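What follows is a set of notes on a single structure, which appears directly below.
The values are calculated or read from the model by the stated rules, or taken from the named source; none is laboratory data. Given the structure is predicted, the values throughout are model-derived calculations rather than measurements. Cβ sites come from the backbone with ideal geometry, for glycine too, and all protein chains shown count toward neighbours. Keep in mind that these areas ignore ligands, DNA and RNA; they rest on the heavy atoms of the full protein, side chains included. Shrake-Rupley method; radii C 1.70, N 1.55, O 1.52, S 1.80 Å.
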Amino acid sequence: TMIMRLRCGLALASAFLLNPNSVDSFHVAHSFRKTRDVSLTMALDESMEARLSNIRRSYMALTERLGDPDVIADSNLLRQVMRDRSKSEDVVTAYEEYTRLSEELEGAKELFQEASDDPDLKEMARAEMKEIEPQLDELEKKITLLLLPKDPNDDRNVMVEIRAGTGGSEANIFAGNLLDVYKKYIAGQGWKSALIDYSTGDDGGYKSVTLDVKGDMVYSKMKWEAGVHRVQRVPATESQGRVHTSTATVAVMPECDEVDVKVNPKDIEISTMRSGGAGGQNVNKVETAVDLLHKPTGIRIKCTQERSQLKNKDLAMKMLMAKLYDIENEKRDMEERERRGSQVGTGGRSEKVRTYNWKDSRCSDHRLGQNFPLQQFLNADIGPMHDAMTAMDQEEKLAQLAEESQAV
């Protein structure tokens, strides 16, 4: 029945949460809803009910803590309690609604059985069941998705680094095009962005440019932009009208701090130099620019944006930690995706994510195997692409749960 399917699905989610490393590689499939042995389903059902009850109990305890004078007096603790409570709020709300509707459905079934001699009462019970069952079906999907493991970086701010690849001046111009699209998208999301490092191209655009982006759940959306973007078009400098192919690489690095990344001061070599460009005579007389080298990785960062050496040093360290954290994340993600046979994409810098074809006015996302109008991308309407990637990722995780259950 529908209720049994819901309980089975929730139990699968519970099994994955309790032992996420036991899932083998798989193909996205509909086996999530396959019929299961009744005794196994009931056992998983009891486990899931216990887990959801524990989540609700923890949620209620956190709600009570919000009224604790000691918590109210400590702003940092209060924010932490509110953050922890919000993580389980949607699950608890959906579970309570599921419990209420399940009880109503059981009552309607009992009424249907008892009203064998009363056609009107029987029809009323049947109508109530038909009304409740689709709602339970939606809750089945919602709760299962809510319980899927989430990317721990999703709620972080990010640094977006765009680097021109192959294609010379045209690649620089294309990097500038990507920057324009992202700035429009960021503004549309209500986020804030600041240009913290850049190197302009000789004929326009950028050889490299880095944006600092702050807002709500920034990484959860911008992470889908990471990888190699390829453009196919006739450059403005092309006199023969030939189509050229150029690339730009986008790195989306979650914001981090000293807790996330440990940097040994002995591994860093810092030198200063005079900064050039606008900013008054001071920039040419005082060594405000910073050249930072991380010896173990060879990462080199030059910061000239700020007007003081201290600020440039702080910015260089922030960029270094973001790059080191991104390297570790990419390594972990690659291992995880190889283990589970992911088709969603690695999010790595070498992965080809999209091709933009000016002649055909087409934007092709290679991970989705889907085309979008080029103008949609240029207008920064990339939300639907991100939604499709999120849905594909969720579908893949659901299939993991199915395979995990079949292996039991």
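Okay, here's what the table says:
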item: Some residue of the range 303-322 being more than 30 Å from Ala171 (Cβ to Cβ), part of a loop (DSSP other than H, G, I, E, B) and modelled with pLDDT under 85; result: yes
item: Close pairs (7 angstrom Cβ cut-off, 6 or more residues apart or separate chains): in contact (Cβ under 8 Å) with a residue 24 or more places away in the chain and of a type in the set (A, V, I, L, M, F, W, C) in the range 198-210, outside any loop (DSSP other than H, G, I, E, B) and surrounded by fewer than 19 Cβ atoms within 10 Å (Cβ to Cβ) anywhere; result: Val209/Leu195; Val209/Tyr198
item: Any chance Glu96 is at pLDDT 90 or above, within 30 Å of Glu128 (Cα to Cα) and open to solvent by 70 Å² or more (accessible area, probe 1.4 Å); result: yes
item: Filter result (open to solvent by 90 Å² or more (accessible area, probe 1.4 Å) and either at positive phi or touching a Leu at 6+ places or on another chain (Cβ under 9 Å) (or both)) within the range 294-312; result: Arg300, Lys302
item: The listed residue being within 31 Å of the chain's Cα centre (by Cα) and farther than 24 Å from Pro152 by Cα, out of Leu62, Leu136, Leu121, Leu105; result: Leu136
item: Test: residue in the range 107-120 that is under 26 Å from Val91 (Cβ atoms) and open to solvent by less than 100 Å² (accessible area, probe 1.4 Å); result: yes
item: Matching residues in the range 358-371 - criterion: being out of contact with any Ser or Thr (no Cβ under 7 Å at 6 or more places or on another chain) and either farther than 16 Å from Gly227 by Cβ or open to solvent by less than 20 Å² (accessible area, probe 1.4 Å) (or both); result: Trp358, Lys359, Asp360, Ser361, Arg362, Cys363, Asp365
item: Which listed residue is modelled with pLDDT of 75 or more and either more than 30 Å from Ala236 (Cβ to Cβ) or in contact with a helix residue (DSSP H, G or I) (Cβ under 7 Å, 6 or more places away or on another chain) (or both), from Glu396, Glu336; result: Glu396
item: Subset of the range 173-198 (residues that are open to solvent by 20 Å² or more (accessible area, probe 1.4 Å) and closer than 14 Å to Ala248 by Cα); result: Ile173, Asn177, Asp180
